[in-house]
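> The structure follows.
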Amino acid sequence: MMEQISQLVETLKTGTGLWNPLIWIVAIVIAFLIVYIIRSFGNKGYKKGTEQTKAFLSGNPEYDKEKMHVKSSNIYWGFLESLKWVYVALDKMHTGNVSDYVLWFVVIMGVFFIIMGVL
């Protein structure tokens, strides 16, 4: 039995590592079993669509989300203020249309490939 296992392991041994699909399948199955066992220890009293599904806010009740939300403009004020010229330029280019972004991507990649081809 051990000889068969050692032959199985040696079948696809390379200079940089080991690739044997059977070993990987067994490892994945064992990992899923471990995850399933850990998950089975969870709380059985969970009920979807009740108070349990609300976000935990350090014990504080949730009220108007606009008043509770900390806006990024407050957090990153200095960063935004110092790079305002960049954001104004980007805001003018921003259309919200995905095809515009794909066009920009293709143009920039084309320029990149031309530069790499010349170098």
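> Can you pull out the trypsin sites (Lys or Arg not before Pro) in region 39-101 whose DSSP state is coil and whose Cβ has at most 13 other Cβ atoms within 10 Å?
Filter output for region 39-101: Lys44, Lys47, Lys48, Lys54, Lys71.
> Pick out which of Gly45, Gly78, Gly96 has the largest mean-square fluctuation in a Gaussian network model of the chain, springs linking Cα atoms closer than 10 Å.
Checking each option, the largest mean-square fluctuation is seen for Gly96.
> What is the chain by shape, rounded, prolate or oblate, if you read a ≥ b ≥ c off the alpha carbon gyration tensor as root eigenvalues and call it rounded for a/c under 1.5, prolate for a/b larger than b/c, and oblate otherwise?
Here the chain falls in the oblate category.
> Give the longest segment of the chain that steers clear of chymotrypsin sites (Phe, Trp or Tyr not before Pro) in DSSP loops with at most 13 neighbouring Cβ atoms within 10 Å, not counting the sites themselves.
That gives 77-119 as the longest site-free run.
> Within the chain, which DSSP H helices have Cα atoms that stretch 15 Å or more along the helix axis and a mean Kyte-Doolittle hydropathy of at least -0.5?
Membrane-span-like by this criterion, though nothing is claimed about a membrane: 21-40, 98-118.
> Name the residue farthest towards the positive end of the dipole of the chain from the options Ser99, Tyr63, Tyr36, assuming +1 on Cβ of Lys and Arg, -1 on Cβ of Asp and Glu, about the Cα centre.
It is Tyr63.
> Taking the Cα centre as origin and putting +1 on Lys and Arg beta-carbons and -1 on Asp and Glu beta-carbons, what dipole magnitude results for the chain, to the nearest 20 debye?
Roughly 400 debye, rounded to the nearest 20.
Readers should treat all values here as calculations from the given coordinates under stated rules, not as data from a laboratory. This structure is a prediction, so every number in the text was calculated from the model and none was measured. With ideal geometry, Cβ positions are generated from the backbone for all residues, glycine too; neighbour counts draw on all protein chains shown.
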